[in-house]
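Presented below is the structure to which this report refers.
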Amino acid sequence: MYTLNHVFKTYPSTEALTDISFSVENGEIVGVVGKSGSGKSTLLRLLNLLEVPTSGEVVIENRDSKELSKNETRKQKQNIGMVFQQYNLLNNLTVKENVALPLKMVKQKKDAWVDELLTFVGMAHKSQSYPAQLSGGEKQRVALARALVRQPDVLLCDEATSSLDEQNTDEVVRLLQKTHQEFGITIFFVSHELETVKKLCQRVLVMEAGKLLGEVENQPVDIQMNDSSYLETVQRRLAR
Ligand SMILES: Nc1ncnc2c1ncn2[C@@H]1O[C@H](COP(=O)(O)OP(=O)(O)OP(=O)(O)O)[C@@H](O)[C@H]1O
Ligand SMILES: [Mg+2]
């Protein structure tokens, strides 16, 4: 699906990516980890075609991203969903309107599908609420539904759980696992939280100062939401 060949991305004062090469197959869940400033978000902006490399190739489905026409780039972008740390929901739209927005932008309306997705992320009961009335975990579940509404082949998550507490992180990770199982989608999960990456990703790209240091295979775990009380959870964690 994606192959990067010797990709460099240079900004006026910074070399954000240096000689990055890797391939990702359809349907993989790939983690990208690295300290702040290591180039993770820059890498995602190349994968979602917001930017092109200064040199090297980003090949998507056998096509070099630099060779796509404007129209082809627009089509390919529709095939990519994004989830951000800060949710990026529109405050003046309801939950349901937020999820339907990417469809509206291409003059489509699929009411039943939007409802189905809201049920999928467990937010159907809040479809008429506004973002300000939701918790962080709820906002991120709505943002995930919005990212999936155009049925993308790829989902790019940039620190999607980094503002969430442990339980909400687990809920979003479990939803991403469910998304992967039901839609067979390719997921890039950028995060500095190794514990979360360990739960979700099959393979992890490790970045430092714009370079890809290496890759690590990982055995993700199926998240079981435990039914123990919050008090029990805290007792168990502090006793470790
Ligand atoms: N548009 C830009 N113009 C100039 N420099 C940039 C731009 N975008 C990123 N950079 C620089 O490129 C480097 C990598 O930034 P990037 O945002 O990709 O890091 P990151 O790994 O996502 O960090 P964080 O974990 O803090 O989100 C940084 O030094 C940053 O200052
Ligand atoms: Mg970043």
* **Mean Cβ count within 10 Å, highest first, over the residues of peptides 55-61, 135-141** => 135-141, 55-61
* For region 50-65, in order, what is each residue's ³J(HN,Hα) by Karplus, 6.51 cos²θ - 1.76 cosθ + 1.60 with θ = phi - 60°, in whole Hz (x at glycine and Pro)? -> 6, 9, 10, x, 5, 8, x, 10, 10, 9, 10, 6, 6, 10, 6, 4
* Asked: At 10 °C and 1.306 mPa s, what whole-number value in µm²/s does Stokes-Einstein give for the translational diffusion of region 115-240, with Rh from the Kirkwood sum over Cα pairs?
  -> 99
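May I ask you to derive the relative contact order of the chain, considering only C-alpha pairs under 8 Å and at least 6 residues apart, and to give it as an integer percent? Let's see the in-between values first.
Values: 439 pairs, mean separation 63.1, N = 240.
Over the chain, the number comes to 26 percent.
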* Enter the accessible area of Phe183 (Å², nearest 10), with the probe set to 1.4 Å and all protein chains included. => 80
* Asked: Using the Kirkwood radius built from alpha carbon pairs, what does the Stokes-Einstein equation give as D for region 107-178 at 25 °C and 0.890 mPa s, in µm² per second?
  -> 192
* To do: At a 1.4 Å probe radius, which order do Lys70, Lys199, Lys40 fall into by accessible area, largest first?
  => Lys70, Lys199, Lys40
* Please report, in cubic angstrom per residue, the volume enclosed by the convex hull of the alpha-carbon atoms of region 29-82. => 100
* Asked: What whole number of Å gives the distance from the Cα centroid of region 166-203 to the Cα centroid of region 77-118?
  -> 20
* To do: Quick one: dipole size for region 1-137, taken about the Cα centre, charges +1 on Lys/Arg Cβ and -1 on Asp/Glu Cβ, in debye to the nearest 20.
  => 520
* Compute the length gained on full extension between Ser69 and Met105: take 0.36 nm times their separation in residues and subtract their Cα-Cα distance, giving the result in nm to one decimal. => 10.9 nm
* Whole number please: convex hull volume per residue of the Cα set in region 1-154, in Å³? -> 139
* Global geometry of region 98-144, whether rounded, prolate or oblate, following the gyration tensor of its Cα atoms and the 1.5 cut on a/c -> prolate
* Asked: Any idea which of Asn71, Leu117, Ser21 is furthest toward the positive side of the dipole for the chain, if Lys and Arg beta-carbons carry +1 and Asp and Glu beta-carbons -1?
  -> Asn71
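The values are calculated or read from the model by the stated rules, or taken from the named source; none is laboratory data. Computed from a predicted model, the values in this text were never measured in an experiment. Note that we place each Cβ from the backbone using ideal geometry, even for glycine, and neighbour counts take in every protein chain shown. Accessible surface is based on the protein model in full, side chains and every heavy atom, while ligands, DNA and RNA are left aside. Shrake-Rupley method; radii C 1.70, N 1.55, O 1.52, S 1.80 Å.
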